[in-house]
Amino acid sequence: MLKIWEAFNSGFNNSGEKMNKKKLFFFVILSVCFLSIFSFLVVNFYISRHKESPENRKITIRLQWHTQAQFAGYYTALEKGFYREKGLDVKIEEGGYGKNALTSVKAGIEEFGTKWTADLVAAGEKYISLANIVKDNGLLLIAKKNKGLDSVEKFKGKNISIWFIGNEYQLFVLLDKYKISRDKVNIIPQKWDMSQFLNDETDLSAAMSYNELFSIEKKGYSKDKLDIFSFRNLNVGFPGHNIFTSKKFYKENPDICEKFVKASIMGWEYAVEHPEEAVGFVMKHDKGGILNKKDQLNQMKEISKLIAKDSFKLGIHLEKDYRFIEKVFKEYNIINNDVNIKDYYTNEFIKKESAR
C-alpha cells in the first residue's frame with residue numbers, strides 16, 4: 001500500500017507525467033477493499049477450521065473392557081474424523097471393573113456401549129443392539145498336549161476353568177451337546193490371568209483367540225504344544241461384541257444412532273484394511289502406556305478374522321445367531337419363553353444381509 005501511495009504522490013507532483021488522478025485514486029480504494037475482503041475471508045476460514053461446530057452432538061461410547069485393538073474401529077473412526085463428518089463429537093471411555101456400559105447407558109449417562117450379544121440378551125429388553133461388529137467372540141478351551149485331551153469326550157473327570165461372566169453358558173451347551181453331565185467335570189471360576197493353566201491347577205482353561213492365546217505363547221506354549229477347542233468350530237459359538245444403546249435413546253434419537261453406527265462401521269472397515277495405522281490410533285489412547293505394539297497388531301489381525309467382513313456385511317445381525325442364543329437361554333431359564341428375540345436388535349442401519 002505504501003508503494004501505491006508513493007505512486008499517487010509522484011503522479012500528483014510530476015506535471016510532466018499528466019497522470020489521471022481520479023483513476024489512480026480509484027485504484028487505491030479498490031486495492032484497500034480487496035485486501036480487507038481477503039483478510040476477512042482468511043480469518044473466517046481459520047475460525048471455521050478450528051472452532052467446533054455448534055451442531056456437533058456430544059456422544060460417549062463406553063467400551064466393555066480396557067483400551068486395546070479389540071476396539072480399534074472406534075479409535076480409528078475418531079482419529080480419521082469419521083464421527084465429526086457425521087456431526088458427532090465422540091468421547092470413547094474404556095470399560096473394566098466398576099465401569100459397566102449397561103448401567104451407564106440405561107441411566108442415560110452415556111449414549112452407547114459395547115457388549116457381547118449374549119450379555120445384551122441376558123440383560124433384558126431395555127436395550128437394543130444397533131450393530132454386531134464381531135461374528136465370533138473368539139472363546140476357546142485350551143489344554144497342554146501332554147494331558148492327552150484331544151477330544152471333548154475326554155473332558156470327563158477333568159478340571160475346567162471358565163470366566164463366569166456369561167462364558168459359562170457356552171461351556172454348558174458344549175457339555176450338553178456331548179452328553180457330559182456337569183457333575184462329571186469340575187468347573188472352576190477362572191482368574192483373569194492364566195496362572196491356573198500355567199500351574200496345572202486346571203486341565204482345560206478358557207482363552208480368547210485374540211488375547212490369552214498370544215500371552216501363553218510368550219510363556220513357551222505355542223499352538224503346536226496345545227490342544228485347542230474353538231466353541232465356534234464345535235457349533236456352540238456366540239457372536240462377539242455389538243454396539244448398543246437403550247431403547248429409549250434409540251426411539252428418541254434414531255438419526256444420532258444411524259450416524260454413530262455408520263461412522264463406527266467406516267472406522268472398522270478402515271481398521272481392518274489398515275491394521276498398523278489402526279493399532280497406532282489405539283496406542284495413542286493407551287493412557288497407562290501398558291500396551292505392546294506387536295501384541296496389539298497380533299490382536300488386530302485376529303479380531304479382523306473374527307469380524308469376517310469378507311463373509312458377512314460388517315455390522316449385520318445374523319438371525320441364526322440370535323435364535324441359537326434364544327434357544328439356549330430359554331432352556332436355562334435366563335430369559336422368559338414369551339421373549340421375542342427380534343426385539344433385541346435392529347438391522348435398519350445396516351444394508352441388507354448378504355454373504356459376499
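The values are calculated or read from the model by the stated rules, or taken from the named source; none is laboratory data. This is a predicted model, so every value here is computed, not measured. All Cβ positions, even for glycine, are placed from backbone atoms using ideal geometry, and neighbour counts span all protein chains on display.
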What do you reckon, is Tyr270 farther than 26 Å from Asp119 by Cα and surrounded by 12 or more Cβ atoms within 10 Å (Cβ to Cβ)? yes
Residues Phe197, Phe260: which one is more than 24 Å from Lys115 (Cβ to Cβ) and of a type outside the set (S, T, N, Q)? Phe197
Odd one out for Phe244, checked against (1) touching a strand residue (DSSP E or B) at 6+ places or on another chain (Cβ under 6 Å); (2) in contact (Cβ under 8 Å) with a residue 60 or more places away in the chain; (3) not assigned by TED's automatic domain parsing to the domain that holds Thr114: (3)
The one condition Val90 fails out of (1) out of contact with any Asp or Glu (no Cβ under 7 Å at 6 or more places or on another chain); (2) more than 27 Å from Lys301 (Cβ to Cβ) is (2)
Considering only region 90-97, I want to know if a residue exists there that is over 16 Å from the mean Cα position of the chain (by Cα), within 26 Å of Leu306 (Cα to Cα) and surrounded by fewer than 17 Cβ atoms within 10 Å (Cβ to Cβ). yes
Would you check if there is a residue in region 125-141 being more than 13 Å from the chain's Cα centre (by Cα), hydroxyl-bearing (Ser, Thr, Tyr) and closer than 22 Å to Leu234 by Cα? no
Regarding Lys342, is this residue of a type in the set (Lys, Arg) and within 17 Å of the chain's Cα centre (by Cα)? no
Quick one: how many residues across region 210-232 are farther than 16 Å from Ile162 by Cβ and polar (S, T, N, Q)? 2
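Is there a residue in region 297-308 that is of a type in the set (Asp, Glu), assigned by TED's automatic domain parsing to the domain that holds Glu273 and out of contact with any Phe, Trp or Tyr (no Cβ under 6 Å at 6 or more places or on another chain)?
Initial filter on region 297-308 (of a type in the set (Asp, Glu)): 302.
Next, only the ones that are assigned by TED's automatic domain parsing to the domain that holds Glu273 stay: 302.
When the remaining residues are screened for being out of contact with any Phe, Trp or Tyr (no Cβ under 6 Å at 6 or more places or on another chain), the result is none.
Checking region 297-308: not a single residue is of a type in the set (Asp, Glu), assigned by TED's automatic domain parsing to the domain that holds Glu273 and out of contact with any Phe, Trp or Tyr (no Cβ under 6 Å at 6 or more places or on another chain).
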State whether the residues of region 145-152 include one that is β-branched (Val, Ile, Thr), touching a residue at least 60 places away in the same chain (Cβ under 8 Å), under 28 Å from Phe71 (Cα atoms) and in contact with a strand residue (DSSP E or B) (Cβ under 8 Å, 6 or more places away or on another chain). no
What number of residues within region 166-203 are farther than 20 Å from Leu306 by Cα and part of a loop (DSSP other than H, G, I, E, B)? 15
Which number in (1) touching a helix residue (DSSP H, G or I) at 6+ places or on another chain (Cβ under 9 Å); (2) in contact (Cβ under 8 Å) with a residue 60 or more places away in the chain; (3) at negative phi marks the one condition that Trp116 misses? (1)
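Hey, does region 177-185 have a residue that's among the small types (Gly, Ala, Ser), touching a residue at least 60 places away in the same chain (Cβ under 8 Å) and farther than 20 Å from Tyr97 by Cα? Reasoning before the result, please.
Initially, region 177-185 is screened for residues among the small types (Gly, Ala, Ser), giving 181.
Still in the running and touching a residue at least 60 places away in the same chain (Cβ under 8 Å): none.
Among the residues of region 177-185, not one is among the small types (Gly, Ala, Ser), touching a residue at least 60 places away in the same chain (Cβ under 8 Å) and farther than 20 Å from Tyr97 by Cα, which makes the answer no.
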Out of the residues in region 161-202 meeting the condition of being of a type in the set (Val, Ile, Thr) and either touching a Lys or Arg at 6+ places or on another chain (Cβ under 9 Å) or at pLDDT below 95 (or both), tell me which one is surrounded by the most Cβ atoms within 10 Å (Cβ to Cβ). Thr202
Please go through region 101-111 and give me each residue that is in contact with a Lys or Arg (Cβ under 8 Å, 6 or more places away or on another chain), part of a loop (DSSP other than H, G, I, E, B) and either at negative phi or not assigned by TED's automatic domain parsing to the domain that holds Val282 (or both), ordered by number. Glu110
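For region 242-356, which fully contained helices (runs of 4 or more DSSP H) count at least 2 residues that are within 22 Å of Lys135 (Cα to Cα)?
254-273, 275-284, 293-307, 319-331
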Every listed condition ((1) surrounded by 14 or more Cβ atoms within 10 Å (Cβ to Cβ); (2) assigned to a loop (DSSP other than H, G, I, E, B)) holds for Ala206 save (2)
Selection status of Ile325, hydrophobic (A, V, I, L, M, F, W, C), crowded, with 19+ Cβ neighbours inside 10 Å and within 21 Å of Glu94 (Cβ to Cβ): no
